[in-house]
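The values are calculated or read from the model by the stated rules, or taken from the named source; none is laboratory data. These numbers were taken from a predicted model, which means no experiment stands behind them. Positions of Cβ are generated from backbone atoms using ideal geometry, with glycine treated the same way; all protein chains shown enter the neighbour counts. We work out accessible area using only protein heavy atoms, side chains counted, and drop any ligands, DNA or RNA first. Shrake-Rupley method; radii C 1.70, N 1.55, O 1.52, S 1.80 Å.
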Amino acid sequence: MCAKLAVNLMTNPAVPDSTDEQEVESGTQDKGNPPAQQFPPSPLWSLVFRVLQFTLAFWAMCTMRLTSDYTDAPAFVSLVNQCICQCAWSSLLAIAELCSLYGYGSSLFQNSKIRRGVSIGDLVLQGSLFDAACGAASLITFSNDLQECSWNNCPVYEKATLLAFGSYGSSLLPS
């Protein structure tokens with residue numbers, strides 16, 4: 001029974017072939033042309049997004065550090081540390097994008113291993129920044145629920161968390 005079902009599936013696939021009978025009869029079937037080559041995104045746009053994510057992460061870090069009691073909560077300390085890492089990563093890649101834009105390292109981002117490494121680095125930093133921003137947002141929400149924002153720096157924390165989420169959102173675009 002199973003063998004008969006397997007033979008039936010092999011001879012009658014659930015997904016039909018991409019070639020249409022009319023294309024085969026009329027001779028318009030694709031003769032094996034290679035697919036269109038995909039190019040990496042423009043270095044100019046990538047540079048713009050890197051500068052944007054650096055700026056937002058830097059503002060989030062500075063806004064959080066302006067308060068004197070952000071070190072009381074580990075979620076806020078984690079957010080500041082992740083913003084520092086995001087700033088370092090974004091500035092490093094912005095410099096590399098700038099060099100490739102001016103032709104000093106034009107083949108740098110055309111190497112698939114380098115692009116894969118940059119994508120993995122973006123993914124790791126995006127995930128950790130998102131986790132830190134979510135932790136800070138949950139702590140702010142909890143403080144709002146307990147009515148502790150009257151003596152706390154909640155508006156400053158909210159602004160820093162919003163900037164961190166903006167940096168996370170802008171880091172999704174370049175890679």
Hey, Phe109 hits all of (1) part of a helix (DSSP H, G or I); (2) among the aromatic types (Phe, Trp, Tyr); (3) more than 13 Å from Ala164 (Cβ to Cβ); (4) open to solvent by 40 Å² or more (accessible area, probe 1.4 Å) but one; which does it fall short on?
-> (4)
Filtering segment 62-101 for residues that are touching a residue at least 40 places away in the same chain (Cβ under 8 Å), open to solvent by less than 50 Å² (accessible area, probe 1.4 Å), in a helix (DSSP H, G or I) and of a type in the set (A, V, I, L, M) leaves a count of 5
Mind listing just one residue for me: the one in segment 117-151 that is more than 24 Å from the chain's Cα centre (by Cα) and open to solvent by less than 50 Å² (accessible area, probe 1.4 Å) and, of those, modelled with the lowest pLDDT?
-> Cys149
